[in-house]
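Visitor: Below you will find the structure I want to go over with you.
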Amino acid sequence: MHEENKAAANGCSKIRRGTQNGAALLALMEKTGYSMVQQNGQRKFGGPPPGWEGPPPPRGCEVFVGKIPRDMYEDELVPVFERAGKIYELRLMMEFSGKFIGVCVSLDNCRLFIGAIPKDKKKEEILNEMKKVTEGVVDVIVYPNATDKTKNRGFAFVEYESHRAAAMARRRLIPGTFQPWGHTIQVDWADPEKVVDEETMQRVKVLYVRNLMISTTEDKIKAEFNKFKPGVVERVKKLRDYAFVHFFHREDAVAAMSVMNGKCIDGASIEVTLAKPVNKESSWKQHFNGQISPSSENLLGFPNKEDGTQKSLGKPASLSIRLNGQHSPGPPEVERSTYPIFPGIKLTPTSMYSLKLSHFSSAVMHLDYFCHKNSWAPPEYCLYSTTSQDGKVLLVYKVLISSIADDSQTYFMPEKLCTTVEDAKELAAQFTLLHL
């Protein structure tokens, strides 16, 4: 028995406040041969296990388990998880709550989003600054400003060598504790990349082209991509500083990606990758990784978790819609406090797309945000009207959602009429989000 194992077990007995006094953990370590180390608020069992040869398991082999009861430890957890297969490593946090565990694939995120960066800073400057205060920095991803390629967009993504390194860096970069270049930065986990199965990606014949000049036209892009092999491009759809280039054949798309990535068009060095098709079966709610507040769920009419019935489409109390002569039930009022702007307060230009979902209380804004995150065209609203029996003008919006990557279009229209344009648009956005 290693001395560190005994020390870990002794520490466990103190945490347990006398229950089993660590004997069960000592027995587990003796039986399995695994080591146990306690550090940084967690206890690590294994990693690697005895006799392991070769590199650690690749990303995607880890699951996250939540809501573990406070009085359950490795001696009970290990036998449960070993039913699924050999354990490489188990990391147990020191505080838990709840009675029913939940298991999902661990994202193993190694990338942080850093916002409010001065726009005149180059990639090398940002990389060096991050390396000064955090460990394990592998790379920094910075995108040029859409209108001025000499500047960045005010944010960057920092890639770390491991999830643990990223988590430690996130803790280290808490706003207020670190101010690079005299700026208070924003720090959060980067949104995980969409995972598309290999079979689907093998059929993709559309390229995603970013970092284009605003002034670059679709005709210019088509001409540039046709240079290496004339007539291979079917069409181009450009939005702001990025575009989707559709090819007639997949092999031409793959070849063009290799040739055109890093090329200059109108003075801008472009990035070219295969476009990832949108998984239409996954809801917009899943897209945001469960980060939806209860009030948002009520707002958008998600099914009641207890009885499976759908709640009425509602709005915050201050914006409740009068439908069929009745106020639709809405969630509690979203807090919309105001704060004074004191002299000397520094205001930083911020894109709405760098904010979190919790900052939005309008379904119209939710929908715009969602379309942007999916690289779709902005939603198009078409207004229709009719007249009620008592002479009132009643309104309804039809919403068109276009997925540029796979060239599909879908219409959504609620079965309710409203008396104001604002209410009609909000209801249409709610309905669309619910059915995407």
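The values are calculated or read from the model by the stated rules, or taken from the named source; none is laboratory data. For clarity, every value in this text was computed on a predicted model and none was experimentally measured. So basically every Cβ, Gly included, is an ideal-geometry build from the backbone, and we count neighbours across all protein chains shown. The area values use the complete protein model at the heavy-atom level, side chains included, leaving out ligands, DNA and RNA. Shrake-Rupley method; radii C 1.70, N 1.55, O 1.52, S 1.80 Å.
Visitor: Being at positive phi and open to solvent by 50 Å² or more (accessible area, probe 1.4 Å) is the filter here, so list the residues in region 236-279 that pass it. Reasoning before the result, please.
Guide: So the first thing to find is which residues in region 236-279 are at positive phi, and the list is 240, 262, 266-267.
Correct list: R240, D266, G267.
Visitor: Pick from K44, K6, K99: which is modelled with pLDDT under 85 and in contact with a Pro (Cβ under 7 Å, 6 or more places away or on another chain)?
Guide: Details: K44 fails: in contact with a Pro (Cβ under 7 Å, 6 or more places away or on another chain); K6 fails: in contact with a Pro (Cβ under 7 Å, 6 or more places away or on another chain).
Exactly one of K44, K6, K99 is modelled with pLDDT under 85 and in contact with a Pro (Cβ under 7 Å, 6 or more places away or on another chain), namely K99.
Visitor: OK, next. Consider only pairs whose beta carbons are under 9 Å apart and that are at least six residues apart or on different chains; among these, list those whose first residue lies in region 248-274 and is at pLDDT below 95 and among the basic types (K, R) and whose second residue is open to solvent by less than 70 Å² (accessible area, probe 1.4 Å) and in a helix (DSSP H, G or I).
Guide: If the second residue must be open to solvent by less than 70 Å² (accessible area, probe 1.4 Å) and in a helix (DSSP H, G or I), the pairs left are K263/E224.
Visitor: Here are A377, A363, A429: which of them is farther than 30 Å from K119 by Cβ and under 20 Å from the mean Cα position of the chain (by Cα)?
Guide: Values: A377 fails: farther than 30 Å from K119 by Cβ; A429 fails: under 20 Å from the mean Cα position of the chain (by Cα).
After applying the criteria, what remains is A363.
Visitor: Here are some conditions: (1) modelled with pLDDT under 85; (2) in a loop (DSSP other than H, G, I, E, B); (3) of a type outside the set (S, T, Y). P118 meets all but one. Which one does it not meet?
Guide: Every listed condition holds for P118 apart from (1).
Residue-wise test of (1) in the same structural domain as E125 (by the TED database); (2) under 30 Å from I117 (Cβ atoms); (3) outside any loop (DSSP other than H, G, I, E, B); (4) not basic (K, R).
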site: F178; (1), (2), (3), (4): yes, yes, no, yes
site: T184; (1), (2), (3), (4): yes, yes, no, yes
site: V204; (1), (2), (3), (4): no, no, no, yes
site: K222; (1), (2), (3), (4): no, no, yes, no
site: E234; (1), (2), (3), (4): no, no, yes, yes
site: K238; (1), (2), (3), (4): no, yes, yes, no
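Visitor: Answer with yes or no whether D390 is in a helix (DSSP H, G or I), more than 30 Å from G182 (Cα to Cα) and outside the structural domain of V236 (by the TED database). Working first, answer last.
Guide: Numbers: in a helix (DSSP H, G or I): no; more than 30 Å from G182 (Cα to Cα): yes; outside the structural domain of V236 (by the TED database): yes.
Taking the combined requirement at face value, the residue does not satisfy it.
Visitor: From (1) open to solvent by 30 Å² or more (accessible area, probe 1.4 Å); (2) in contact (Cβ under 8 Å) with a residue 24 or more places away in the chain; (3) of a type outside the set (A, V, I, L, M); (4) over 17 Å from R59 (Cβ atoms), pick out the condition that doesn't hold for R171.
Guide: Condition (2) is where R171 drops out.
Residue by residue, here is whether (1) under 20 Å from T350 (Cβ atoms); (2) in contact (Cβ under 8 Å) with a residue 40 or more places away in the chain holds:
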residue: D108; (1), (2): no, yes
residue: F113; (1), (2): yes, yes
residue: K122; (1), (2): no, no
residue: D139; (1), (2): no, no
residue: N145; (1), (2): yes, no
residue: R153; (1), (2): yes, yes
residue: Q179; (1), (2): yes, no
residue: E198; (1), (2): no, no
residue: L207; (1), (2): no, yes
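Visitor: Is it true that E161 is surrounded by fewer than 16 Cβ atoms within 10 Å (Cβ to Cβ), out of contact with any helix residue (DSSP H, G or I) (no Cβ under 6 Å at 6 or more places or on another chain), in contact (Cβ under 8 Å) with a residue 40 or more places away in the chain and not assigned by the TED database to the domain that holds H249? Full working, then the answer.
Guide: Details: surrounded by fewer than 16 Cβ atoms within 10 Å (Cβ to Cβ): yes; out of contact with any helix residue (DSSP H, G or I) (no Cβ under 6 Å at 6 or more places or on another chain): yes; in contact (Cβ under 8 Å) with a residue 40 or more places away in the chain: yes; not assigned by the TED database to the domain that holds H249: yes.
Answer is yes for this residue.
Visitor: Can you find a residue that is farther than 28 Å from Y242 by Cβ, open to solvent by less than 70 Å² (accessible area, probe 1.4 Å) and part of a loop (DSSP other than H, G, I, E, B) anywhere in region 355-364?
Guide: Within region 355-364, the first condition is being farther than 28 Å from Y242 by Cβ, and the residues that meet it are 361.
Of the ones still in play, those that are also open to solvent by less than 70 Å² (accessible area, probe 1.4 Å) are 361.
Now drop any that are not part of a loop (DSSP other than H, G, I, E, B), which leaves 361.
Checked against the condition, which is being farther than 28 Å from Y242 by Cβ, open to solvent by less than 70 Å² (accessible area, probe 1.4 Å) and part of a loop (DSSP other than H, G, I, E, B), region 355-364 yields at least one hit.
Visitor: Kindly evaluate V140 against the criterion of being open to solvent by less than 30 Å² (accessible area, probe 1.4 Å) and under 21 Å from I270 (Cβ atoms).
Guide: Details: open to solvent by less than 30 Å² (accessible area, probe 1.4 Å): yes; under 21 Å from I270 (Cβ atoms): yes.
In short, yes.
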